[in-house]
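Notes follow once the structure below has been shown.
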Amino acid sequence: MPVVELHPLVEQAERMAKEFEYGPEDVKKGVKEFLRLMDVGLQNDGEDMTMIPTYVTSVPNGTEKGVYLAVDLGGTNFRVCSVTLNGDTTFKLTQSKVAIPKELMVAKDAHSLFSFLAKQVETFVKEHHGDHFAERPDHRLQLGFTFSFPVDQKAVNRGYLIRWTKGFDIADAVGKDVCELLQTEIDALGLPVTVAALVNDTVGTLMARSYTSPGKTGTLLGAIFGTGTNGAYVEKLDKLTKMTKPGADAGEYDESTGEMVVNTEWGSFDNAMKVLPDTPYDREVDTTSVNPGIQMFEKRVSGMFLGEILRCAMVSLHDEDYGLFRGADVESDAQLHTPWTVDTSVLSFIEADDTDDLSKTKEVLEKQLGVPGATTDEARAVKILSHAIGKRSARLSAVPIAAIVIATGKLQPSATALPMEKLSLVDQGIAAVKAAFSGTPPAAGVPKASTVHGDKDAVTSSDEMDVIDIGVDGSVVEFYPGFEKYVREALSEVEEFGAAGVKRIRMGVAKDGSGVGAALIALVAAKAAGVEVS
């Protein structure tokens, strides 16, 4: 076959793409370092990967019933919703949203903002749940409060504001318990509502997935791969030693389950840059970000940064002798030349382009980067770079997933969960006796768990104990073509997993952690407090 000569521009793009390669040995080193930093964070306060105890000590299993409220203060809007759990992994969601008046974002006292929030709860409850209280006048609705600002959490329903972000600046609220601030205003209105839990949206993702996932296996991990990235997982209490150290300032929590959900804050994994990959484009993104030197894992994985990494790489190729877009009429203020203007959806559109002349990529370049008339070779060079950046993001995302599955021992099934041919003769006999009494045949092989986009019929009940369930959310994992495939490829390269271990991973999208998840945390918290929640 004749050798096809590549355009010099395409050849240079392929050389640049190699800088983004994250190979099997890199994955293994990343997992090893993540495991180390997990332990450090579980044992000590003040670490980069903070491993925050959430005081949530159990997860739902899909059989829960009842009506619960959730509110979400995460920016310029305030959302109120109610979730009716049907007890069969399904639910009904009702919600309303209102903009926060700008003057309340910088009010002189906390009362002004929190009384406004309480009035929105009152309006919502009267509109949607008036008949509920007519039938049960003494019943109090349990509420989960998603509060997306830095807090020092001391109990499932107690957290002290550390500082405001996102344009809020109410000095009077700093250092105060935000749950108490909201409860005080709710009580002033005479509402039968209890603020039962303070919620992190990543923990909410875990809870929402655990309720809606098929089968009886509880969800191990809730992970967000969207604008940002973070994960929360179920950990054994005896590994959270920083809560029981002499002088530890831990609040009260239910110890009966022996477990607690931990918010890893893995966006700050390896801020020291011991094992994370690094390119000139990563360094430029970090330098021009609002928080140089921190969230180094997030800056290589999440949607907020992938578009800017691609833009920096394209500008480099534009400025070199190869002259990317040199013949195009690109305005000086086009997105190509404007930092932080390239949305990560650009990478998804380009990755999905399978046209021979890359016409869809050319359209994206014109409409979203201000580059008209790109040639096919220029589009091909951009696609090569975009693919390399997206694939690296997915392979990096496998690192925390692998480490958490390994650390929690989920890859070590019980003897009877193994295929018969892999058991010892004694264990084969035990399994056969148990099967005779239960009527369930011994496992014939490792089940293949299902994927993000379809898992309701993934496993049978006899396979269920082998499934490791993971809830995911975010635009990157949901919409970037092939993201889960690349995650699974990287997982298979980790010695503890292999192909068999990867088959046991079941991923499913868990939407609305700040709504449905918050309501479920309110349920769990109320149960732990001995409150009637039916």
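Does PRO339 qualify as being touching an Asp or Glu at 6+ places or on another chain (Cβ under 7 Å), open to solvent by 10 Å² or more (accessible area, probe 1.4 Å) and farther than 23 Å from GLY226 by Cα? Judged against the criteria, PRO339 is not a match.
Please tell me if ALA232 is closer than 13 Å to THR54 by Cα, touching a helix residue (DSSP H, G or I) at 6+ places or on another chain (Cβ under 6 Å) and modelled with pLDDT under 90. Working first, answer last.
Details: closer than 13 Å to THR54 by Cα: yes; touching a helix residue (DSSP H, G or I) at 6+ places or on another chain (Cβ under 6 Å): yes; modelled with pLDDT under 90: no.
Against the criterion (closer than 13 Å to THR54 by Cα, touching a helix residue (DSSP H, G or I) at 6+ places or on another chain (Cβ under 6 Å) and modelled with pLDDT under 90), ALA232 does not qualify.
Annotation for region 1-8: at least one member residue is over 22 Å from the mean Cα position of the chain (by Cα), in a helix (DSSP H, G or I), in contact (Cβ under 8 Å) with a residue 60 or more places away in the chain and over 28 Å from SER148 (Cα atoms).
The number of residues in region 217-240 being of a type in the set (Gly, Ala, Ser) and either free of Cβ contacts under 8 Å to residues at least 60 places away in the same chain or not in a strand (DSSP E or B) (or both) comes to 3.
Mind checking whether some residue in region 190-208 is of a type in the set (Ser, Thr, Tyr), modelled with pLDDT of 95 or more and either under 19 Å from ASN263 (Cβ atoms) or part of a loop (DSSP other than H, G, I, E, B) (or both)?
No.
Taking the stated definitions as given, is GLU259 at positive phi and open to solvent by 40 Å² or more (accessible area, probe 1.4 Å)? When the stated conditions are applied, GLU259 does not pass them.
Conditions (1) of a type in the set (D, E, K, R); (2) more than 27 Å from PRO53 (Cα to Cα); (3) without any contact (Cβ under 8 Å) to a residue 40 or more places away in the chain, marked per residue:
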residue: ASP109; (1), (2), (3): yes, yes, no
residue: GLN120; (1), (2), (3): no, yes, no
residue: LEU141; (1), (2), (3): no, no, no
residue: LEU161; (1), (2), (3): no, no, yes
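ASP152 - would you say it is surrounded by fewer than 17 Cβ atoms within 10 Å (Cβ to Cβ) and touching a Gly at 6+ places or on another chain (Cβ under 9 Å)? Even if it seems obvious, please write down each step before you answer.
Details: surrounded by fewer than 17 Cβ atoms within 10 Å (Cβ to Cβ): yes; touching a Gly at 6+ places or on another chain (Cβ under 9 Å): yes.
For ASP152, the condition - surrounded by fewer than 17 Cβ atoms within 10 Å (Cβ to Cβ) and touching a Gly at 6+ places or on another chain (Cβ under 9 Å) - is met.
Checking region 204-214 against the condition returns no match, with no residue being touching a strand residue (DSSP E or B) at 6+ places or on another chain (Cβ under 7 Å) and surrounded by fewer than 24 Cβ atoms within 10 Å (Cβ to Cβ).
Here ASP278 clears all of (1) assigned to a loop (DSSP other than H, G, I, E, B); (2) open to solvent by less than 30 Å² (accessible area, probe 1.4 Å); (3) not aliphatic (A, V, I, L, M) except the condition numbered (2).
Scanning region 218-260 for residues that are of a type outside the set (S, T, N, Q), in contact with a strand residue (DSSP E or B) (Cβ under 9 Å, 6 or more places away or on another chain) and within 30 Å of THR344 (Cα to Cα) gives LEU220, LEU221, GLY222, ALA223, ILE224, PHE225, GLY226, GLY231, ALA232, TYR233. For region 67-78, the set of residues classified as part of a strand (DSSP E or B) and under 20 Å from the mean Cα position of the chain (by Cα) consists of ALA70, VAL71, ASP72, LEU73, listed by residue number. Selection of region 156-175 for residues being crowded, with 18+ Cβ neighbours inside 10 Å and either more than 16 Å from HIS111 (Cα to Cα) or small (Gly, Ala, Ser) (or both) yields VAL156, ASN157, ARG158, GLY159, ALA173. Here LYS383 meets the list (1) more than 26 Å from HIS318 (Cβ to Cβ); (2) over 23 Å from the mean Cα position of the chain (by Cα) almost entirely, failing just condition (1).
When GLY222, GLY167, GLY228 are checked against the criterion of being of a type outside the set (Lys, Arg) and at positive phi, GLY167 stands alone in meeting it.
Within region 355-364, not a single residue is modelled with pLDDT under 95, open to solvent by 60 Å² or more (accessible area, probe 1.4 Å) and either of a type outside the set (Gly, Ala, Ser) or under 30 Å from ARG504 (Cα atoms) (or both). Pairing residues of region 518-531 that are closer than 23 Å to THR94 by Cα with residues that are part of a helix (DSSP H, G or I) and open to solvent by 10 Å² or more (accessible area, probe 1.4 Å), at Cβ distances under 9 Å and at least 6 apart in sequence or on separate chains, gives ALA518/ASP201.
Filter region 283-321 down to residues that are open to solvent by 20 Å² or more (accessible area, probe 1.4 Å), in contact (Cβ under 8 Å) with a residue 12 or more places away in the chain and part of a helix (DSSP H, G or I), then give me how many there are. Show your work before the answer.
If we filter region 283-321 for residues that are open to solvent by 20 Å² or more (accessible area, probe 1.4 Å), which is where we start, we get 283-284, 286-288, 290-295, 298, 304, 315-316, 318-321.
Subsequent filtering for residues that are in contact (Cβ under 8 Å) with a residue 12 or more places away in the chain retains 284, 286, 288, 293-295, 298, 304, 315-316, 318, 320.
Now narrow it down to the ones that are part of a helix (DSSP H, G or I): 284, 286, 288, 298, 304, 315-316, 318.
Within region 283-321, residues that are open to solvent by 20 Å² or more (accessible area, probe 1.4 Å), in contact (Cβ under 8 Å) with a residue 12 or more places away in the chain and part of a helix (DSSP H, G or I) number 8.
Taking the listed residues ALA223, ALA250, ALA272, the one that is open to solvent by 30 Å² or more (accessible area, probe 1.4 Å), aliphatic (A, V, I, L, M), under 18 Å from MET51 (Cβ atoms) and at pLDDT 95 or above is ALA272, with no other qualifying.
Going by what's in this entry, would LYS126 be described as part of a helix (DSSP H, G or I) and either β-branched (Val, Ile, Thr) or open to solvent by 20 Å² or more (accessible area, probe 1.4 Å) (or both)? The answer is yes for LYS126. Taking the options PHE145, PHE116, name whichever one is open to solvent by less than 20 Å² (accessible area, probe 1.4 Å) and of a type outside the set (Val, Ile, Thr). Every option except PHE145 fails the conditions. LEU37 falls short on exactly one of the conditions (1) more than 23 Å from MET260 (Cα to Cα); (2) under 23 Å from the mean Cα position of the chain (by Cα); (3) part of a helix (DSSP H, G or I), and that condition is (1).
The values are calculated or read from the model by the stated rules, or taken from the named source; none is laboratory data. Source: prediction; values computed, not measured. Note that each Cβ is placed from the backbone with ideal geometry, even for glycine, and that neighbours are counted across all protein chains shown. What goes into the accessible areas is simple: the full protein's heavy atoms, side chains included, and nothing from ligands, DNA or RNA. Shrake-Rupley method; radii C 1.70, N 1.55, O 1.52, S 1.80 Å.
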